[in-house]
Amino acid sequence: MFAYYLKLALRSLKRNVVLTVLMIAAIGVGIGASMTTVTIFRAMDGDPIPEKSSRLFAPQIDNYGPDNKKVVAGDAEHLQDQITYIDAVNLMNAKAASRQAAMYVTALPVTPPSRDLLPFQEQTRATYRDFFPMFQVPFLYGAPWSASDDEDRTYVVVISRELNDRVFGGANSVGRTLKLDNHDYRVVGVLNRWQPLPKFYDLTSSKYGEGENLFIPFSRAIENQMQGAESSNCAGYTGAPTWDGYLHSECVWIQFWAELPTVSDAARYRAFLNNYAAEQRRTGRFNWPPRTRLYDVREWLIHWHAVSDEVRILVLVAFSFLFVCLLNAMGLMLAKIMNRAADIGVRRALGASRGTIFGQCLMEAGVVGLVGGLVGLALTALGLAGVRQIVSPGTGRLTHLSPTDIGIALSLAVLATLLAGLYPTWRAAHVQPAWQLKAQ
Amino acid sequence: MLKMIHLSKAYRTEVVETYALRDFSINVREGEFVAVTGPSGSGKTTFLTIAGLLEEFSGGEYLLDGTDVRHLNDNQRSKLRNEKIGFIFQAFNLIPDLNVYDNIEVPLRYRGLGADERKRRIQESLQRVGLSARARHYPAELSGGQQQRVAIARALAGSPRLLLADEPTGNLDTQMARGVLELLEELHRDGATIVMVTHDPELAVRAQREVHIVDGQVVDLAGQPRRVAGVNAQL
């Protein structure tokens, strides 16, 4: 019966091409608009490290006190989103987590070994070796530097695959030397492609931007007095105008992440943070009760408003639009079915039950939904291509249709159309054959 | 075959109740060819739609081939209609976007017959009405007489126990009407039970028996002398 219903549905759709095209267009446009916004939303809202997002934590320590309300606009608790160098060093030394890494971004001039290439400036992340295993960073060649490299402030560097392609022609460059800011660094590792989006470990600059191409030991960066390339907040506190003065100021400019495998580890770390803040109070650095927070990756993204409210509203608007499109499709379907009331009457007279008519009309709705879904997919692809033209490359890279998206779009189209088709189909099933035949 | 006992059909609105059929009794035996006649609005078509299980009735009893249809649900009624009844309508009621073959196939599909069985029955019934060569034509490509023959073939394909015809020649010219009527008579000779609603006295006299309806009630003319067509035409 399925094949028969399908055959009848196709014939019926061919019978009134204009109505059919209008229905498909209504569904297609609605699906296209909603899928475009949902794809953007999902891209922005995605979990950048799903395997570990509940085990990685970013701490906050209040080093300005409850009276300082101007520190972070929008944060009701007025806690800073980065920490000071003092706290970073103390937390690193405490080793209270199974893995931990302080980090900041700087910019270094790169002098390529080939004389054909001109020197260029490159974003560089200064961090600890734990950064790589903690964030499951994949290596193409080599490995992270060692813990002793962190301690000894060794001139070592891990480079991205892109930079390796550019500077070393894609060869295994482990062991080779790269001149950064006029110092020779030994390449210990080349990353494979790695692009967590949003860039959860550092949301202070572009949330969806490119990652860094160079990674060097934090201790080396500090020793060489490499200044942070991102926001530094001193909230009115002015340190001495020297590097050492800056390091010992209350300016917050360092990101910190800790890996805490279990819930009890996280609880212990919270207690540790509070004890640490209490200790700072005892030493006279803070004169307020401890105020600390610990966020996992998901909470951190929410805290940072990684998905803007505008995008959420856009999704709502798009789905309302889809709803309006479905209402239109429903109206058209109703018109089409009422147009065929006589045929339905004949079919009833020839032995079709209400259920049979219902199934037959629902099949028609399903076919419209499926074709509408395909049209919607084409429009989504078009919409996303448009989005890629106007948004940052970071967000743009996210906005691609995966096979899952295609499945969702088609299922949504078919289900929504079936739902919209329920009323017209119900009406069709309740056509009074006697009246239709008498009317003839 | 078709037995209605004190059957009534009322249409109710908020202010008025109108009886289309009242205390309506009829008994059509197997193999009979009965003409149901009556003036416009007398309830002929209502009788036919109730007989064809297309409409429910308000009171009384209706036995179709021995089955009391009062308490059947929609599925049961549809099944019974499909198996026992063949319809022939005045307006032919072919489905315009299906060709002749597919039109005849409709009731067979609803009965759930296999493809080979459907094909056999369609070919047989097309042969019966003399339209084997037109199987792939669409209704719009056929004359009125041919369309009605297709409708008859569709009714026959399901081997129904009862043929219900509603003004089967009403939309046809004299020559075509004659052809269709001869076909019905031939079917009757072969044993079909036919109930034909008509307001045409010339047609009515061709039936074995005439049941006259006035104001929703039966006036059985079986015992009266058969009228002559010519006289009848002047009435």
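Rule-based calculations on the coordinates, nothing more; no lab input. Everything numeric here is computed off the predicted structure, so don't read it as measured data. No Cβ is skipped: glycine too gets one built from the backbone with ideal geometry, and neighbour counts run over all protein chains shown.
A few comments on the model shown:
- Tail weight of P(r) past 18 Å, computed on alpha-carbon pairs of the stretch A:235-373, percent: 77
- Spin-label pair A:E162/B:V15, simplified geometry with 7 Å Cα→Cβ offset, distance in nm: 8.1
- Each part gets one Cα centre, and for the stretch A:141-171 versus the stretch A:283-314 those centres are 32 Å apart.
- Residue pairs exceeding 32 angstrom between C-alpha atoms, taken from A:K7/B:K44; A:K336/B:K79; A:K14/B:K3; B:K44/B:K84; B:K9/B:K79; A:K7/B:K3: A:K7/B:K44; A:K14/B:K3; A:K7/B:K3.
- If R0 is taken as 60 Å, the Cβ-Cβ distance between B:R120 and A:V21 corresponds to a FRET efficiency of 0.90.
- Around the Cα centre of chain A, unit charges on the Cβ atoms of Lys, Arg, Asp and Glu (plus for the first two, minus for the last two) sum to a dipole of about 2500 debye.
- Look at where the Cα atoms of the stretch B:13-45 and of the stretch A:7-35 average out, and the two centres are 44 Å apart.
- Taking a ≥ b ≥ c as the square roots of the Cα gyration tensor eigenvalues, chain B comes out oblate, since a/c reaches at least 1.5 and a/b does not exceed b/c.
- Divided by 2.2 N^0.38 Å, where N counts the residues, the Cα radius of gyration of chain A comes to 1.37.
- Integer Hz, Karplus 6.51/-1.76/1.60 couplings in order for the stretch B:186-202, x for Gly and Pro: 5, 4, 5, 4, 7, x, 6, 8, 10, 10, 10, 8, 7, 10, 8, x, 5
- Shielding value for B:93-99 is 5, the average number of Cβ atoms from other chains within 10 Å of each residue's Cβ.
- Between the amide H of B:A165 and those of B:I88, B:V195, B:M196, B:V197, distances stay under 5 Å, these residues lying 5 or more places away or on another chain, with hydrogens modeled in the peptide plane.
- Around the Cα centre of the stretch A:56-303, unit charges on the Cβ atoms of Lys, Arg, Asp and Glu (plus for the first two, minus for the last two) sum to a dipole of about 220 debye.
- Kirkwood Rh in Å, taken over all unlike Cα pairs in the stretch A:56-303: 18.9
- Estimated vicinal HN-Hα couplings, Hz - the stretch A:171-188 in sequence order (Karplus 6.51, -1.76, 1.60; Gly, Pro = x): 6, 5, 9, 4, x, 7, 10, 10, 8, 10, 6, 6, 10, 7, 10, 8, 6, 10
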